[in-house]
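Q: If you scroll down you'll find the structure; I have some questions about it.
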Amino acid sequence: MRISRLLALSTLFLIQIHFTYSQEVEISHSVEKLTLSEDGRYSLVKGGNSYTILNNKTKEKVLETELINPLKEAAKNKTGGTSMLIFGALNRAVSFEYSSDTTLIKGYDLTSGKQIYKLDTITLGVSYAEEFVKSVMLVVGPEDKKIRTGNDAEVQNLRMRGKREGSVVLNNSTLKTCIHPIGELNAMLIVAREGVLFFDVVTGIIKWNQVDFPSGIAEAIYIPKQNSIVLANAYATDFNKAFAKKVIFNVAASTGELLWETEYSSNYKPNRSFVVDNRLLLDYYGMEIFDLNTGESLGMNVDQERVLKFSKLFDGASAAYASGQETSLSTVAAYIPPVIADGFAYYSVGLVQGEPWMYGNDKHIQKIDLMTGDIVWTSEKVVGINTELSQMNLVNDNLILKYKGTGLKSQYELYWLDIQTGKISKRVEKIKTDRNQELVNFQYDENYLVDYDKEGMAYYDLKSAELIKREDRKDLAINSSWVNQDIVFFYEDAVEIVRNQKTTSYKLDMPELAYSINGIIIIEGANEVLTIDSTTLNEISKTSFESSSFVVLPDENTVIEQRENSVVFSEL
């Protein structure tokens, strides 16, 4: 699988140029995985418990070390391992050697490659019991992704901010439950047996320790306006009652002083927390809103008695998935985040006996005022049983909703919902599709909505929802995306670009990603890169690679290729 694809978004088109220079760097250990710091300054090469860090500009090794797994020769019924984190913007790396009862933390200056601090006075919470609980908590939901939320650019997933701005590489799934980087403060929060620690990455100093918090901290976000950190404690099942409570904390970033704490109503769900202005939104089993200044809950939009009863069933499915007993979470519907815009959240709910909650049969949309927590309106019934929401977009004054049939209902339906009234203004009902095919999201621009059904591609007027044109297609696309004003459809062995209702086709094996840079459209396949002139749509080049294990550095115009015992830098 290609690694760190997002770093290639600005210069992959240069791959069509022949390499003019290459430099191979021998690695003294096997090369199992190569990861870039998010700013592209450094490469982290891992092989077993050995780690090498490369400066991507000088193409030299700055650090090479073997870490000790404390349990390498010990009993297998304990938890232990090693990991290395890179804080690229700070020129720092931090290593962890940990077991269920020991932890050794070392800090390195990446400008010199020297170790600058060591800490062995804390113990991470990675016992078997703690790790199992956290795996149950963190298994469901999109991992570290920014959520599409309409027009409000301030909305962030809580787990994104520190990792992105701190340029942190954190791939160890165990440590993700114990370490929360906060890039704005050059620090990370460490959840340890001794408490929640504020750890300065640059100096290695613990600036404060909050010993009053129970374990199970699962979310952390820095609030610049308050200079505070909001922490959400995870509480998912009866099993972990001994480890965590259903509590949110707000602490002063400078001292760790508790500013307020409050309980939340539902059961924890990972990666479903949002901050909008001075409001904290917890989209667990229903939407609960809190005032960030006081911690006051402004209420929840669903029936809590039903939530707490039925959420245990879904938590059980999560636990089975975490322990390897299930291959998929088929009992849990795909997560569609709320659309948040102009001080309101638009949220999908069902109705049971007239009361809204997540898994009711009759599907509705709610408009929630983020300032007051009030439900402005609950829409009329949109669809009924055996359907689930697969897409929701705010377009002008309408929410455009796509519902897919479940079970034997091989169809989907499109609805336009007026955001002022909650009334259905337009609809395209019972569009037949292939039950065995993944549902492709609709795309739209200022005039058209383009969607697929079983017979091909359909163009709808964005305002009236009237069918304008249909194009028959032999095969259903496996995915689609917009590039500028063009819609790109991905097939197993081809790509189609549709512009002004005209289609141009290209051969490409397993296309995965399309984007545009400097007048060129770039489409990545499994082992190929296709470049296309964005004006004429003529194919420029198609470059094949022996391996898919390479990355491209935008700022350096450099390809880094991963080999068995070396890394090769090739300048373009």
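Q: I'm trying to understand the selection: among the residues of segment 163-187, which are open to solvent by less than 10 Å² (accessible area, probe 1.4 Å) and either part of a helix (DSSP H, G or I) or at pLDDT 90 or above (or both)?
A: Result: LEU175, ALA187.
Q: Return yes or no: is ILE478 modelled with pLDDT under 80 and surrounded by 14 or more Cβ atoms within 10 Å (Cβ to Cβ)? Spell out the reasoning first.
A: Details: modelled with pLDDT under 80: yes; surrounded by 14 or more Cβ atoms within 10 Å (Cβ to Cβ): yes.
Yes: the conditions hold for ILE478.
Q: Among the residues in segment 520-527, are any within 28 Å of LYS33 (Cα to Cα) and either of a type in the set (S, T, N, Q) or at pLDDT 85 or above (or both)?
A: Taking every residue of segment 520-527 in turn, at least one turns out to be within 28 Å of LYS33 (Cα to Cα) and either of a type in the set (S, T, N, Q) or at pLDDT 85 or above (or both).
Q: Of everything in segment 32-46, what is surrounded by 18 or more Cβ atoms within 10 Å (Cβ to Cβ) and free of Cβ contacts under 8 Å to residues at least 60 places away in the same chain? Give them in sequence order.
A: LYS46
Q: Only one of these conditions is not met by ASP109: (1) modelled with pLDDT of 50 or more; (2) touching a Ser or Thr at 6+ places or on another chain (Cβ under 9 Å). Which number is it?
A: (2)
Q: For segment 242-257, name all the residues that are outside any strand (DSSP E or B) and modelled with pLDDT under 90. Give the steps one after another, and end with the answer.
A: So the first thing to find is which residues in segment 242-257 are outside any strand (DSSP E or B), and the list is 242-246, 253-257.
Selection gives ALA242, PHE243, ALA244, LYS245, LYS246.
Q: Residue by residue through segment 460-504, note down the ones that are of a type in the set (Ser, Thr, Tyr) and under 25 Å from the mean Cα position of the chain (by Cα).
A: Within segment 460-504, SER480, SER481, TYR491 qualify.
Q: Here is a follow-up. Return the residues of segment 193-211 that are part of a loop (DSSP other than H, G, I, E, B) and out of contact with any Phe, Trp or Tyr (no Cβ under 9 Å at 6 or more places or on another chain); say none if nothing qualifies.
A: ARG193, GLU194, VAL211
Q: Follow-up question, since we're still on this one. What is the residue count in segment 528-554 for residues that are touching a Leu at 6+ places or on another chain (Cβ under 8 Å) and either at pLDDT 80 or above or acidic (Asp, Glu) (or both)?
A: Total satisfying the criteria: 5.
Q: What residue, among those in segment 188-223 that are within 21 Å of THR262 (Cα to Cα) and of a type in the set (Val, Ile, Thr), is modelled with the lowest pLDDT?
A: Only one residue tops the list, namely ILE217.
Q: Those residues that are of a type outside the set (Ser, Thr, Tyr), touching a Lys or Arg at 6+ places or on another chain (Cβ under 9 Å) and open to solvent by less than 40 Å² (accessible area, probe 1.4 Å), I need them from segment 497-524; list them, please.
A: Going residue by residue through segment 497-524, those that are of a type outside the set (Ser, Thr, Tyr) are 497-502, 507-514, 517-524.
Remaining after also requiring touching a Lys or Arg at 6+ places or on another chain (Cβ under 9 Å): 501, 507-508, 512-513, 524.
Scanning segment 497-524 gives LEU508, GLU524.
Q: As an exercise: evaluate TRP260 against (1) over 26 Å from ILE368 (Cα atoms); (2) of a type in the set (Phe, Trp, Tyr); (3) modelled with pLDDT of 85 or more; (4) in contact with a Ser or Thr (Cβ under 8 Å, 6 or more places away or on another chain) and give the number of the one condition it does not meet.
A: Every listed condition holds for TRP260 apart from (1).
Q: When VAL275 is evaluated against the numbered criteria (1) part of a strand (DSSP E or B); (2) surrounded by fewer than 22 Cβ atoms within 10 Å (Cβ to Cβ); (3) hydrophobic (A, V, I, L, M, F, W, C); (4) at pLDDT 90 or above, which criterion, by number, is the only one it fails?
A: Unmet for VAL275, out of (1) part of a strand (DSSP E or B); (2) surrounded by fewer than 22 Cβ atoms within 10 Å (Cβ to Cβ); (3) hydrophobic (A, V, I, L, M, F, W, C); (4) at pLDDT 90 or above: (4).
Q: Across segment 321-375, what is the number of residues that are within 25 Å of the chain's Cα centre (by Cα), part of a loop (DSSP other than H, G, I, E, B), at pLDDT 65 or above and under 20 Å from SER297 (Cβ atoms)?
A: The number of residues fulfilling the criteria is 3.
Q: For segment 361-377, give me each residue that is touching a residue at least 40 places away in the same chain (Cβ under 8 Å), open to solvent by less than 20 Å² (accessible area, probe 1.4 Å) and more than 13 Å from ASP291 (Cβ to Cβ).
A: Answer for segment 361-377, where residues must be touching a residue at least 40 places away in the same chain (Cβ under 8 Å), open to solvent by less than 20 Å² (accessible area, probe 1.4 Å) and more than 13 Å from ASP291 (Cβ to Cβ): ILE365, GLN366, LYS367, ILE368.
Q: Among the listed residues SER410, SER464, identify the single one that is of a type in the set (S, T, N, Q) and modelled with pLDDT of 90 or more.
A: SER464
Q: Just give me the residues in segment 423-452 being under 18 Å from ARG470 (Cα atoms), of a type in the set (S, T, N, Q) and either at pLDDT below 85 or in a strand (DSSP E or B) (or both), in sequence order.
A: Residues satisfying the conditions are THR433, ASN441, GLN443.
Q: May I pose another question? Taking the residues in segment 487-496 that are over 15 Å from GLU539 (Cα atoms) and either open to solvent by less than 10 Å² (accessible area, probe 1.4 Å) or of a type in the set (Val, Ile, Thr) (or both) as candidates, determine which candidate is modelled with the lowest pLDDT.
A: Of segment 487-496, the ones over 15 Å from GLU539 (Cα atoms) are 487, 489-493.
Applying the additional criterion that residues be either open to solvent by less than 10 Å² (accessible area, probe 1.4 Å) or of a type in the set (Val, Ile, Thr) (or both) yields 487, 489-490.
Working: ILE487: 81, PHE489: 84, PHE490: 87.
For segment 487-496, the residue satisfying everything is ILE487.
Q: Inspect all residues belonging to segment 225-237 and state whether any of them is in a strand (DSSP E or B), over 27 Å from the mean Cα position of the chain (by Cα) and at pLDDT below 90.
A: Looking only at segment 225-237, we keep the residues that are in a strand (DSSP E or B), and these are 228-233.
Checking which are over 27 Å from the mean Cα position of the chain (by Cα) leaves us with none.
For segment 225-237, residues in a strand (DSSP E or B), over 27 Å from the mean Cα position of the chain (by Cα) and at pLDDT below 90: absent.
Q: Another one. Consider LEU71 carefully, then state whether it is at pLDDT below 90 and surrounded by 17 or more Cβ atoms within 10 Å (Cβ to Cβ).
A: So LEU71 passes the test.
Q: Can I ask one more? Return a yes/no flag: does segment 505-523 have any residue that is on the phi > 0 side of the Ramachandran plot and touching a Gly at 6+ places or on another chain (Cβ under 7 Å).
A: Yes, that holds for at least one residue.
The values are calculated or read from the model by the stated rules, or taken from the named source; none is laboratory data. Fair warning: this is a prediction, and the values are worked out from it, not measured in the lab. No Cβ is skipped: glycine too gets one built from the backbone with ideal geometry, and neighbour counts run over all protein chains shown. SASA here: full protein model, heavy atoms, side chains in, ligands and nucleic acids out. Shrake-Rupley method; radii C 1.70, N 1.55, O 1.52, S 1.80 Å.
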